[in-house]
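Engineer: My questions all concern the structure below.
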Amino acid sequence: MMLIEETTVPDAALPVAEFRAHLRLGTGFGDESLQDDVLNGFLRAAIAAIEARTGKVLISRDFTWTLTGWRDRAGQVLPVAPVNTINQVLLIDEIDMESELAGDAFRLERDSERPRLRPAGSLLPMIRTGGSVRIAFTAGFAESWGGLPADLGHAVMLLAAHYYEHRNESSLSDGSMPFGVSSLIQRYRVMRIGVGVAR
């Protein structure tokens, strides 16, 4: 399985001015935008970290997901949420010949935790031995920063500020998040229950 981010978060969607105010950086100086690229980088890093921890896409963008077999032909769970649209389902055989599945042959089952690709009939089509399927979809809570749930937006600000304030330290490589950030994103984390597993 391979998930590829086809489009990135556009610079215009990043709240650089709000982040500068959050950090209480000086304003009114002619060179106040000199740090914008640095602030942009910390915001992107914080977004990526929160998306990785929660399995949720914050700002809408396009993805392709390639897999070599269905886990369940009655409905394949997609790797991230929330999924807004499924744009294409492409079957690829063992000699790389591609055939697009008709749009009326599948549907998106929306779910905040586990969205699924569902067949219009009873089962998704067979994937041939040595073949694969490529699913193109758009996922994300919002097109722009203002559309994000407030707690997720605040978590990004807190984590980006943490990265900014500790940017010269080398002891932050354990991947831990500040308590405030962990608390804000906790309800968005996927609950996995199994033998010896609960998250």
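Engineer: Being touching a residue at least 60 places away in the same chain (Cβ under 8 Å), hydroxyl-bearing (S, T, Y) and on the phi < 0 side of the Ramachandran plot narrows it down to one residue among T54, T85; which is it?
Structural biologist: Working: T85 fails: touching a residue at least 60 places away in the same chain (Cβ under 8 Å).
The match here is T54.
Engineer: Can I ask one more? Among the numbered conditions (1) within 21 Å of Y163 (Cβ to Cβ); (2) among the polar types (S, T, N, Q); (3) open to solvent by less than 30 Å² (accessible area, probe 1.4 Å); (4) not in a helix (DSSP H, G or I), tell me where T8 comes up short.
Structural biologist: (3)
Engineer: Looking at region 121-147 only, could you name the residues that are under 30 Å from F19 (Cβ atoms) and crowded, with 21+ Cβ neighbours inside 10 Å? Step through it out loud before you land on a result.
Structural biologist: Initially, region 121-147 is screened for residues under 30 Å from F19 (Cβ atoms), giving 137-147.
Across region 121-147, the qualifying residues are F137, A139, G140.
Engineer: Out of all the residues in region 139-167, which are touching a Phe, Trp or Tyr at 6+ places or on another chain (Cβ under 7 Å) and part of a strand (DSSP E or B)?
Structural biologist: A139
Engineer: Next up: Please determine whether any residue of region 56-73 is open to solvent by 70 Å² or more (accessible area, probe 1.4 Å), over 17 Å from the mean Cα position of the chain (by Cα) and closer than 23 Å to S182 by Cβ.
Structural biologist: No, region 56-73 has no match at all.
Engineer: Return the residues of region 78-120 that are assigned to a loop (DSSP other than H, G, I, E, B) and open to solvent by less than 60 Å² (accessible area, probe 1.4 Å); say none if nothing qualifies.
Structural biologist: Of region 78-120, the ones assigned to a loop (DSSP other than H, G, I, E, B) are 78-80, 82, 93-97, 101-102, 110-115, 120.
Passing the criteria: L78, P79, V80, P82, D93, L101, A102, P115.
Engineer: A follow-up question, please. Go through the residues of region 26-44 one by one and say whether even a single one is touching a helix residue (DSSP H, G or I) at 6+ places or on another chain (Cβ under 7 Å) and surrounded by fewer than 15 Cβ atoms within 10 Å (Cβ to Cβ). Reasoning before the result, please.
Structural biologist: First, pick out the residues of region 26-44 that are touching a helix residue (DSSP H, G or I) at 6+ places or on another chain (Cβ under 7 Å): 26, 36, 39-40, 42-43.
Subset that is surrounded by fewer than 15 Cβ atoms within 10 Å (Cβ to Cβ): 26.
Within region 26-44 (the criterion being touching a helix residue (DSSP H, G or I) at 6+ places or on another chain (Cβ under 7 Å) and surrounded by fewer than 15 Cβ atoms within 10 Å (Cβ to Cβ)), the answer is yes, since at least one residue qualifies.
Engineer: Moving on. Among the numbered criteria (1) open to solvent by 60 Å² or more (accessible area, probe 1.4 Å); (2) out of contact with any strand residue (DSSP E or B) (no Cβ under 8 Å at 6 or more places or on another chain); (3) not acidic (D, E), which one does A155 miss?
Structural biologist: So the condition that A155 fails would be (1).
The values are calculated or read from the model by the stated rules, or taken from the named source; none is laboratory data. These numbers come from a predicted model, not from an experiment. Here the Cβ is made from the backbone with ideal geometry for all residues, glycine too, and neighbour counts use every protein chain on show. To get the accessible areas, we keep the full protein, side chains included, count just its heavy atoms, and leave off ligands, DNA and RNA. Shrake-Rupley method; radii C 1.70, N 1.55, O 1.52, S 1.80 Å.
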